[in-house]
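To start, the structure itself, in structure tokens.
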Amino acid sequence: MTGLYERESRSVSTLAHLRFFPQAVTGGRGSMLRGDDGHDLLDFAASWGAASLGHGHPALAEAVNRALTDQAGASYLSTANEPSVLLAEKLLSLVPERAAGRVWFGHSGSDANETVARAVVAATGRPRIISFKGAYHGGTVGSVAISGHPAQGGIDKASGLSLVPYPDSYASGSPEAASKAALAHIEELFATSVSPQDVAAFFIEPIQSDGGMLVPPPGYFREIERLCRKHGILLVCDEVKVGLARTGRLHAFEHSGIEPDIVVFGKGLGGGLPISAVVGPEAIMNHASTFSFQTLHGNPVCASAGLAVLETIERENLVANAAKVGDTMLSALRALQEKHPVIGHVRGHGLAIGVELVSDREARTPAIEQTALTVYRAFQLGLVIYYVGLNSNVLEFTPPLNLSEEEALRGIAILDQALSDVEAGKV
Ligand code: PLP
């Protein structure tokens, strides 16, 4: 274990966005980051899952260097380029048949979800969208307008947006109760204020990550899929944070046994480079391409990074690794629950894990301050984690997909120490 950080790095004060840690990193290898004071940090966040292959993966570096050297144009806007065509073909081969029409590339999860919102309304002529309270689909005006996360501030929601509750099995007492209450809400919405025939799309997160790493109850999304099919509503699956191997399946929606009409990828697709992708039926995607263009769409460097990530996921069996190491982490975290009463609930699939901290297990009172202190103490002890959730009381783990068992257990030992230090008032 590395030692405590004694000082704050000066350089970070120049940045507009300083989240969680007063430090700049100067390098990284695998799941380790090097701080600018020479300390090493074990990275259980991977920049919200974006560094899917960890840091400095040779396959990513080689692909990006080759693309820069042999550059095939600068984007696909005027001439298509080979890397983006190959990546589009690859993505089409990975999604359910009903979604396998055309691919649109963007730079972030935000622009991708915003593009989908515009395309589904234009393509169907239906003005309304449904998404979840607590959903985070991005930070641009258009993606905020279809999101339900309270941290997004004062941008108006789309006038046709209906937000429905995401089922929370822990808060509701059981998965069955959570599912029943959440479905009843949608039934009531359709019965009282929204005609399903006016709804173009239902945006879902297969695990609601920024909303608290909420894992949907078994069968819940099958019901949503059934409702969507019944009313001709497009089912849009935002896989930006938890897709592409993270949950121990290639797609997180596979855990729910559903087949979305449109799939949105981002973050981990580029392994740290800015690329997102929307894959959906041709009739919808043609609308995406008519109004949503940006100069560097499908640029060959980021597309090559995406190809390298997908190839590496296959070659290094990262779906299986995420499942195996994720199981180890979930078991170790559940064992920690015996020792630390503040751990109310441990949930997740694969390497998408949430640990909800509560000050009273009976009442499930959010332990907001302890969560922030635990994250900071873990950082001091050499572990990078984040927190999420509507009450900011859920520790979030989205480490690199190639995290080893040894690293997983080492990180959880640091977390154990951090929790003990916070309990003992040492922070
Ligand atoms: N969708 C989900 C599920 C996310 O978690 C995020 C970011 O946290 C986004 C979309 C937005 O992606 P980006 O930050 O790349 O714009």
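Here GLY138 meets the list (1) more than 12 Å from the ligand (Cβ to nearest atom); (2) modelled with pLDDT of 95 or more; (3) within 30 Å of PRO300 (Cα to Cα); (4) of a type outside the set (S, T, N, Q) almost entirely, failing just condition (1). Only one of the listed residues (SER331, SER304, SER404) is out of contact with any Leu (no Cβ under 7 Å at 6 or more places or on another chain), surrounded by fewer than 21 Cβ atoms within 10 Å (Cβ to Cβ) and touching a residue at least 12 places away in the same chain (Cβ under 8 Å). That residue is SER404.
Among the residues making up the range 365-403, a single one is over 22 Å from the mean Cα position of the chain (by Cα) and at positive phi: GLY382. Every condition in (1) part of a strand (DSSP E or B); (2) more than 15 Å from ASP210 (Cα to Cα) is met by PRO400 except one, and the failing one is (1).
In the range 71-100, of all residues being of a type in the set (D, E, K, R) and under 14 Å from ALA305 (Cα atoms), the one that is farthest from the ligand (Cβ to nearest atom) corresponds to GLU82. Of the residues making up the range 101-119, at least one is within 16 Å of the ligand (Cβ to nearest atom) and of a type in the set (Lys, Arg).
I'm trying to understand the selection: among the residues of the range 165-178, which are surrounded by fewer than 20 Cβ atoms within 10 Å (Cβ to Cβ) and either under 12 Å from ARG347 (Cβ atoms) or under 20 Å from the mean Cα position of the chain (by Cα) (or both)? Within the range 165-178, PRO165, ALA171, PRO175 qualify.
Scanning the range 182-204 for any residue that is within 16 Å of the ligand (Cβ to nearest atom), at pLDDT 95 or above, under 13 Å from the mean Cα position of the chain (by Cα) and not small (Gly, Ala, Ser) turns up at least one such residue. MET285 meets the conditions (1) closer than 16 Å to GLU114 by Cβ; (2) within 13 Å of the ligand (Cβ to nearest atom); (3) surrounded by fewer than 24 Cβ atoms within 10 Å (Cβ to Cβ); (4) not hydroxyl-bearing (Ser, Thr, Tyr) in every case but one. The failed one is (2). Among the residues of this structure, LEU234 does not count as one that is more than 15 Å from the ligand (Cβ to nearest atom), under 16 Å from the mean Cα position of the chain (by Cα) and of a type outside the set (Ser, Thr, Tyr).
The criterion of being surrounded by fewer than 24 Cβ atoms within 10 Å (Cβ to Cβ) and not aliphatic (A, V, I, L, M) does not hold for GLU396. For ASP261, the conditions (1) over 15 Å from the mean Cα position of the chain (by Cα); (2) within 16 Å of the ligand (Cβ to nearest atom); (3) of a type in the set (D, E, K, R) all hold with the exception of (2). Only one of the listed residues (VAL346, VAL319, VAL355, VAL375) is in a helix (DSSP H, G or I) and out of contact with any Phe, Trp or Tyr (no Cβ under 6 Å at 6 or more places or on another chain). That residue is VAL319.
Within the range 147-167, the residues that satisfy the criterion of being over 16 Å from ILE224 (Cβ atoms) and within 14 Å of the ligand (Cβ to nearest atom) are SER147, HIS149, ALA151, GLN152. Determine whether PRO175 is of a type outside the set (Ser, Thr, Tyr) and within 16 Å of the ligand (Cβ to nearest atom). No: the conditions fail for PRO175. Of the residues in the range 102-116, not one is touching a residue at least 60 places away in the same chain (Cβ under 8 Å), basic (Lys, Arg), in contact with a Pro (Cβ under 9 Å, 6 or more places away or on another chain) and in a helix (DSSP H, G or I). Residues that are of a type in the set (S, T, N, Q) and either at pLDDT 85 or above or surrounded by fewer than 16 Cβ atoms within 10 Å (Cβ to Cβ) (or both) within the range 9-48 comprise SER11, SER13, THR14, THR26, SER31, SER47, listed in sequence order.
The values are calculated or read from the model by the stated rules, or taken from the named source; none is laboratory data. None of the values given here were measured: they were computed from a predicted structure. Cβ coordinates were reconstructed from backbone atoms using ideal geometry, including for glycine residues, and neighbour counts include every protein chain displayed.
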